[in-house]
Amino acid sequence: MASEENQKKAQAPQQQFSPAEGDGFTIVVRGDSGPTPAAPLAVPANPLEEFFYREDEPGSPLLELGVAAHPTRVTGARDEARREYLAFLLGSEEYGIEIGNVREIVKPPTITEVPRAAPHILGVVTVRGEVIAVIDPRQRLKLPPGAPTNLARVIVCDVGEGSCGLLVDMVSEVIRLPPSAIEPRPQSMNAVDTEYMAGIGRDGDRMIILLDADLLLRRRKSAEESLT
Amino acid sequence: MTDHSPSEIVELCAFRIGSDEYLMDIRRIREIVPPLPVRLVPRAPECIDGVVDLRGEVIPVVDGRRRLGVEVTPFSRQTRFLIAHVGSRTLALVVDGVCEVVRISRSSIRPAPGLTRLDGPRLFLGACGGEAGTPAPAGKQFTNRGTKTGKLRLLLNLRALLEPRGAEEAAAARRLAGDRSGPPTPSEEAP
């Protein structure tokens, strides 16, 4: 490989960079870097610098399509179209929250309890360096406690105030539901029991209880809890 | 500018385009999705094959097979879209399969073989693996399967992939890779 580089050196005017680290990279660059539409910039002394992602790295003008310039229009179209929900299990019942709230899904790390926290907060965990409160949806939904399982997951959600985790028994899938498949929450039931429900989705034989992520994950107590 | 020390562990995602495997910085990849319907965009740049709607976000699609000059096969069960960052923009790179994530030390990345193009950004910024019999590194806390299986993988420069003449450089790389690593060895990665 070294001989190939030397041959090319002999053929054209060139500059040669050797990085100070001494990791063996050398590149040969023509004095006039060719007619590329990419943003011209000083070629990095170490080509691997370009390989590793940095948020402030130069982009490519070829990606400036302008199609992402109307996010409101795109969102408007989607409101009428199917919405995507992340379906998960608590016990034997299937629940769902809008996928837009979900940031990631992780296997539950050890949960550190926080003394004197609200009853629905199980504790905190660390996900990629960030400390996140983990909420027990069973407590909010007045479900009996469940046993820990290997399939349990923490669904990390963003609800505007920061990130929260939701501990569930199992994550099923992402399901798309058209508005016609969603029934509003039943009015006849006790308002407390349905407080966190956004509706009930039906997919064939499946019934998925859709939850309002904002209400479920907010740190302030629900109206009912404030009274006790 | 990030300053990687040679012993630093980096995580690279190995993926397959055609019959060859390539590597990308895992931090560059936002997510990996199965194929989505691609909408054609009239008068788009030559490197863009269309756009996809990913949960309401419109993302340009770059077909890695076409950029590297390999056969563009219909989407199979193994086809994936790598949703990747270039600068502040996001694109969806179509690949024939995602192999694994390797954790390797920075020092086990070798310079890429010298190729045809000298002007403009290089398509391949390094190489990993391809040396049968290389002993496993001293630290046992990470795997280095790329080296053990002897499979040569080139580090792909995603920004340079958008350039018009990437196919020539890729063809030259495949010829060189074919000379170096011999017949493909059975893969031990999980799909």
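With respect to the conditions (1) exposed (fewer than 15 other Cβ atoms within 10 Å of the Cβ); (2) without any contact (Cβ under 8 Å) to a residue 60 or more places away in the chain; (3) of a type outside the set (Phe, Trp, Tyr), A:Pro108 lacks only one, and its number is (1).
Among the residues of segment A:111-123 satisfying the criterion of being surrounded by fewer than 17 Cβ atoms within 10 Å (Cβ to Cβ) and among the aliphatic types (A, V, I, L, M), which is nearest to A:Thr149 (Cα to Cα)? Going through the qualifying residues, I end up with A:Val114.
Checking each residue in segment B:80-98 for being more than 14 Å from chain A (Cβ to nearest Cβ) and surrounded by 17 or more Cβ atoms within 10 Å (Cβ to Cβ) picks out B:Arg80, B:Phe81, B:Val94, B:Val95, B:Asp96, B:Val98. If the condition is being touching a Ser or Thr at 6+ places or on another chain (Cβ under 9 Å) and touching a residue at least 60 places away in the same chain (Cβ under 8 Å), then segment A:136-172 contributes A:Arg140, A:Cys157, A:Asp169, A:Met170. Only one of the listed residues (A:Glu161, A:Glu173) is at pLDDT below 85, among the acidic types (Asp, Glu) and exposed (fewer than 12 other Cβ atoms within 10 Å of the Cβ). That residue is A:Glu161. B:Val51 satisfies every condition listed in (1) exposed (fewer than 15 other Cβ atoms within 10 Å of the Cβ); (2) free of Cβ contacts under 8 Å to residues at least 24 places away in the same chain except (1). Tally the residues that are closer than 19 Å to B:Ser88 by Cβ and of a type in the set (A, V, I, L, M), restricting the search to segment B:18-43. Final tally of qualifying residues: 3. A search for C-beta distances below 6 Å between a residue of segment B:64-81 that is farther than 14 Å from B:Ala171 by Cβ and any residue that is among the small types (Gly, Ala, Ser) and assigned to a loop (DSSP other than H, G, I, E, B), counting only pairs 6+ apart in sequence or on different chains, returns nothing. Can you name the residue in segment B:43-61 that is of a type in the set (Val, Ile, Thr) and facing chain A (nearest Cβ under 10 Å) and, of all such residues, is nearest to the chain's Cα centre (by Cα)? Per the criteria, the residue is B:Ile48.
Over 23 Å from A:Arg54 (Cα atoms), at pLDDT 90 or above, more than 17 Å from the chain's Cα centre (by Cα) and assigned to a loop (DSSP other than H, G, I, E, B) - does that describe any residue in segment B:62-74? Looking for residues that are over 23 Å from A:Arg54 (Cα atoms), at pLDDT 90 or above, more than 17 Å from the chain's Cα centre (by Cα) and assigned to a loop (DSSP other than H, G, I, E, B), one finds at least one in segment B:62-74, hence yes.
Tell me, which residue of segment B:15-31 that is β-branched (Val, Ile, Thr) and within 13 Å of chain A (Cβ to nearest Cβ) is nearest to A:Glu49 (Cα to Cα)? Result: B:Ile26.
The values are calculated or read from the model by the stated rules, or taken from the named source; none is laboratory data. Computed from a predicted model, the values in this text were never measured in an experiment. Ideal geometry is used to build each Cβ from the backbone, glycine not excepted, and the neighbour counts take in all protein chains shown.
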